[in-house]
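Take a look at the structure below.
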Amino acid sequence: MRILFCSSEAVPFAKTGGLADVSGALPKALARLGNEVMLTLPKYKQVGFATERRIQLGQKEFLAVGEKPLRDIEGVQVLFIRQDELYLRDSLYGYPDDAERFILFDKAILAFIKELNWKPDVIHCNDWQTGLIPVYLKTTLNSDPFYKGIATVYTIHNLAYQGNFPPETLHIAGLPEELFSFDKLEFWGQFSFMKGGIVFSDIITTVSPRYAEEIQTKELGAGMEGALSYRRERLRGIINGIDYEVWNPKTDAFLPVHYDVDSLEKKVENKKFLQKEVGLAPKDVPLIGLVSRLASQKGFDILLQAMDELFKLDIQMVILGVGEREIEEKLKEKAKIYEDKFKLFVRFDERLSHLIYGGCDIFLMPSLYEPCGLSQMISMRYGTIPVVREVGGLADSVEEFNPATGEGTGFLFKEYSPVALLEAVKRALTIFGNKNAWKIVQINAMKKDFSWDASARKYVEVYKEAIQICNKEVK
Ligand code: ADP
């Protein structure tokens, strides 16, 4: 199958969050299954390149830039769309002309595949930035024979970022007036990229089965619940994997000591190293870690409220994250009060994140909502036991440990409250106190398969379904 994978960020080129992890790993997994895969990205500041090809789109000239196959995996070609005026900036997003930047990204992708005469069977779009691709295919490009029969799959990684812009964006996008209606691109008086993806793609997916249900509710639907329920027969949930080449305690170049499920006793060396590195006493007390964007979605309000009680316990904690200023300030206050127990690092730091996954005993994720979440899967792979809220992908990937049966991989709580959070942490600490039981949880967690291969197979099934639907409609 020929797959065009469109994303606005991908590891190792450009990353702000989980979307980049998915876009770096899924195309490779699809290629390993024997598919022909091309990945497209804007050419941001940090990307090197080899060959170039030019096209003209309206006033702007675009260059398509080739890149060697991703890392050592054959079969994934990376096509960068180069337009320096639009993409050669310090950050990926957050500019007043973001709508124009991604309208042109979507248009350029479609123009280039025609120019290259590379016709995919399916185009896989991701998040709002590529939401207009299905719209163009089903409307303005619909009579062009080149684009006939190309199926589209649209994946929502986080419904909170919808790409909603003023109504006149419709004209910048060059789309006809009749598309600006509530059953198409209009969203509360605005022009919505994401709604375009939801309404016009052949199949919609999101990143966990639980989140696929949740986004059809008023509580977690972020206003899109109507459009999503309307298309629920085309909506699927596929949980993300993690990149097993990047996240592997047996080979992880950032870890001072390597270990796996058969040499778990060595993990404690990483704990000692981490304690020293972050300035915590080298004590044998439970070390709790957290690596996350500092965003309200991630549950920092209940964590902050729980901290005074939490630090009455004999524990240590390390948090790595950047994001909202207010959360940062509040965490800093707590770090000052509990300086011998709690260390905070406000920055993006790949190395320290690996040290935390490898060196902690427990990983905390009290998210208000969580489409999928990668950190809990990474931590399980490192034998670092997750304590998470039972929501979205966290509910789909972590299973409560049952001391009676010896089954389960972590600890969950339902209610979004500091009390429920504390109660789950305490349950984890009780099991931590029993070294044999703790080892069983660790082994269970490490043996779980979170590799991309299983998820990639599910995507292939969805692509086949989308192709079938699309071909039926074309006839
Ligand atoms: P989201 O996509 O909502 O940010 P995920 O759990 O899906 O959350 O993915 C987060 C990814 O970003 C993980 O790989 C995590 O380790 C990484 N990450 C988040 N914050 C930082 C940070 N400050 N430094 C290093 N890595 C981080």
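At-a-glance table
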{"read-out": "Qualifying residue in segment 273-280 (condition: under 30 Å from the mean Cα position of the chain (by Cα), assigned by TED's automatic domain parsing to the domain that holds Arg381 and in a loop (DSSP other than H, G, I, E, B))", "value": "no"}
{"read-out": "Subset tally (residues that are open to solvent by 20 Å² or more (accessible area, probe 1.4 Å) and within 15 Å of the ligand (Cβ to nearest atom)) for segment 272-294", "value": "4"}
{"read-out": "Selection within segment 316-353 - part of a loop (DSSP other than H, G, I, E, B), of a type in the set (A, V, I, L, M, F, W, C) and either out of contact with any helix residue (DSSP H, G or I) (no Cβ under 8 Å at 6 or more places or on another chain) or crowded, with 21+ Cβ neighbours inside 10 Å (or both)", "value": "Phe348"}
{"read-out": "Test: residue in segment 190-199 that is in contact (Cβ under 8 Å) with a residue 24 or more places away in the chain, under 17 Å from Ser7 (Cα atoms) and open to solvent by 30 Å² or more (accessible area, probe 1.4 Å)", "value": "no"}
{"read-out": "Residue tally, condition buried (at least 24 other Cβ atoms within 10 Å of the Cβ) and not in a loop (DSSP other than H, G, I, E, B), over segment 111-135", "value": "12"}
{"read-out": "Selection from segment 360-395 of residues that are within 19 Å of Phe342 (Cα to Cα) and either away from the ligand (no atom under 12 Å from the Cβ) or open to solvent by less than 10 Å² (accessible area, probe 1.4 Å) (or both)", "value": "Cys360, Asp361, Ile362, Phe363, Leu364, Pro366, Thr384, Ile385, Pro386, Val387"}
{"read-out": "Which numbered condition Ala222 fails, given (1) part of a helix (DSSP H, G or I); (2) of a type in the set (A, V, I, L, M, F, W, C); (3) out of contact with any helix residue (DSSP H, G or I) (no Cβ under 8 Å at 6 or more places or on another chain)", "value": "(1)"}
{"read-out": "Set Gly433, Gly408: member being more than 23 Å from Glu329 (Cα to Cα) and either within 14 Å of the ligand (Cβ to nearest atom) or open to solvent by less than 50 Å² (accessible area, probe 1.4 Å) (or both)", "value": "Gly408"}
{"read-out": "So Leu304, is it outside any strand (DSSP E or B) and within 13 Å of the ligand (Cβ to nearest atom)", "value": "no"}
{"read-out": "Boolean, Gln297 is within 14 Å of the ligand (Cβ to nearest atom) and either in contact with a Leu (Cβ under 8 Å, 6 or more places away or on another chain) or at pLDDT below 95 (or both)", "value": "yes"}
{"read-out": "Val419 vs. criteria open to solvent by less than 10 Å² (accessible area, probe 1.4 Å) and either more than 9 Å from the ligand (Cβ to nearest atom) or modelled with pLDDT under 95 (or both)", "value": "no"}
{"read-out": "Residues of segment 52-77 satisfying the condition of being at pLDDT 65 or above and open to solvent by 90 Å² or more (accessible area, probe 1.4 Å)", "value": "Arg53, Arg54, Gln56, Gln59, Gln77"}
{"read-out": "Where Phe146 falls short, out of the listed (1) aromatic (Phe, Trp, Tyr); (2) over 27 Å from the mean Cα position of the chain (by Cα); (3) crowded, with 24+ Cβ neighbours inside 10 Å", "value": "(3)"}
{"read-out": "Filter result for the condition that a residue is closer than 24 Å to Phe5 by Cα and either in contact with a helix residue (DSSP H, G or I) (Cβ under 9 Å, 6 or more places away or on another chain) or open to solvent by less than 10 Å² (accessible area, probe 1.4 Å) (or both), over Thr169, Thr155, Thr140", "value": "Thr155"}
{"read-out": "Identity of the residue in segment 332-350, within 16 Å of the ligand (Cβ to nearest atom) and free of Cβ contacts under 8 Å to residues at least 60 places away in the same chain, that ends up nearest to Met307 (Cα to Cα)", "value": "Ala335"}
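Every residue, every condition in (1) within 16 Å of the ligand (Cβ to nearest atom); (2) under 20 Å from Gly94 (Cβ atoms); (3) in contact (Cβ under 8 Å) with a residue 40 or more places away in the chain; (4) more than 21 Å from the chain's Cα centre (by Cα), yes or no:
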position: Arg2; (1), (2), (3), (4): no, no, yes, yes
position: Thr16; (1), (2), (3), (4): yes, yes, yes, no
position: Ala20; (1), (2), (3), (4): yes, yes, no, no
position: Ala25; (1), (2), (3), (4): yes, no, yes, no
position: Ile55; (1), (2), (3), (4): no, no, yes, yes
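The values are calculated or read from the model by the stated rules, or taken from the named source; none is laboratory data. Small disclaimer: the values here were computed from a predicted structure and weren't measured. Ideal geometry is used to build each Cβ from the backbone, glycine not excepted, and the neighbour counts take in all protein chains shown. Only protein heavy atoms, including side chains, enter the accessible area calculation; ligands, DNA and RNA are left aside. Shrake-Rupley method; radii C 1.70, N 1.55, O 1.52, S 1.80 Å.
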